[in-house]
1. Would you point out which residue out of ARG65, ARG54, ARG70 is within 20 Å of LEU12 (Cβ to Cβ), basic (Lys, Arg) and surrounded by fewer than 23 Cβ atoms within 10 Å (Cβ to Cβ)?
2. If GLU128 meets every condition in (1) out of contact with any helix residue (DSSP H, G or I) (no Cβ under 7 Å at 6 or more places or on another chain); (2) over 19 Å from PRO47 (Cβ atoms); (3) modelled with pLDDT under 95 apart from one, which number is that one?
3. What number of residues within the range 140-159 are without any contact (Cβ under 8 Å) to a residue 40 or more places away in the chain and either surrounded by fewer than 22 Cβ atoms within 10 Å (Cβ to Cβ) or in contact with a Ser or Thr (Cβ under 7 Å, 6 or more places away or on another chain) (or both)?
4. Within the group THR108, THR116, THR101, THR120, which residue is open to solvent by 20 Å² or more (accessible area, probe 1.4 Å) and more than 12 Å from the chain's Cα centre (by Cα)?
5. If a residue has to be in contact (Cβ under 8 Å) with a residue 24 or more places away in the chain, open to solvent by 40 Å² or more (accessible area, probe 1.4 Å) and of a type in the set (A, V, I, L, M, F, W, C) to count, how many in the range 73-98 make the cut?
6. Does the range 8-27 include one or more residues that are open to solvent by 90 Å² or more (accessible area, probe 1.4 Å) and of a type in the set (Phe, Trp, Tyr)?
Amino acid sequence: KEATQEALLTLLTKVDYPIVLDADALNILSKNRDHLKNIPPNSILTPHPKEFQRLFGVTDNDFERNDLQRSKARELGLVIVLKGANTCIATPDGNCYFNSTGNPGMGTAGTGDVLTGMITGLLAQGYESEQAAILGVYLHGLAGDLAAKELEQEALLAGDVIKYIGKAFK
């Protein structure tokens with residue numbers, strides 16, 4: 001665990017292009033908040049609400065959390081994808097985009113990892129951070145919706161979402 005922390009914090013000082021940070025990286029940063037300033041500009045954070053709270057603090061309601069999300073995206077120069085029922089993407093210019101795709105069946109283990117992979121893949125293909133985040137979130141939700149239409153939400157698994165990514169792109 002210490003080696004992972006050291007590797008991440010060192011990486012942040014060496015990388016000069018946008019990266020995607022999720023899961024353990026967010027947990028490490030929540031314990032080392034002074035390193036938030038070392039995240040390369042236009043990088044993408046993909047926290048769920050509890051990770052967001054650990055990173056940036058407690059809020060009283062969704063409106064306050066959204067204000068904090070926008071403020072932190074501006075302050076840090078990052079794209080913050082706050083995962084949830086209507087995933088919100090906050091950009092460094094202060095804009096917020098709420099996703100219209102996805103369903104409750106996607107709240108299973110691994111679907112967040114699928115989203116992170118999709119956003120990372122789009123970023124690696126040359127999409128700008130904001131576009132990679134918006135497109136990744138939308139296509140991820142659409143793949144989940146297409147999978148649920150055929151398989152039902154109650155039985156949806158992360159692997160099912162993956163199988164429908166191609167159809168979502170079409």
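1. Values: ARG65 fails: within 20 Å of LEU12 (Cβ to Cβ); ARG70 fails: within 20 Å of LEU12 (Cβ to Cβ).
When all the criteria are applied, what remains is ARG54.
2. Going through (1) out of contact with any helix residue (DSSP H, G or I) (no Cβ under 7 Å at 6 or more places or on another chain); (2) over 19 Å from PRO47 (Cβ atoms); (3) modelled with pLDDT under 95 one by one, GLU128 breaks only (3).
3. Within the range 140-159, residues that are without any contact (Cβ under 8 Å) to a residue 40 or more places away in the chain and either surrounded by fewer than 22 Cβ atoms within 10 Å (Cβ to Cβ) or in contact with a Ser or Thr (Cβ under 7 Å, 6 or more places away or on another chain) (or both) number 4.
4. THR108
5. 0
6. Yes, some residue in the range 8-27 is open to solvent by 90 Å² or more (accessible area, probe 1.4 Å) and of a type in the set (Phe, Trp, Tyr).
The values are calculated or read from the model by the stated rules, or taken from the named source; none is laboratory data. These figures come from a predicted structure and were not determined experimentally. Quick reminder, even Gly has a Cβ in these numbers, built from the backbone with ideal geometry, and neighbours come from all protein chains shown. What goes into the accessible areas is simple: the full protein's heavy atoms, side chains included, and nothing from ligands, DNA or RNA. Shrake-Rupley method; radii C 1.70, N 1.55, O 1.52, S 1.80 Å.
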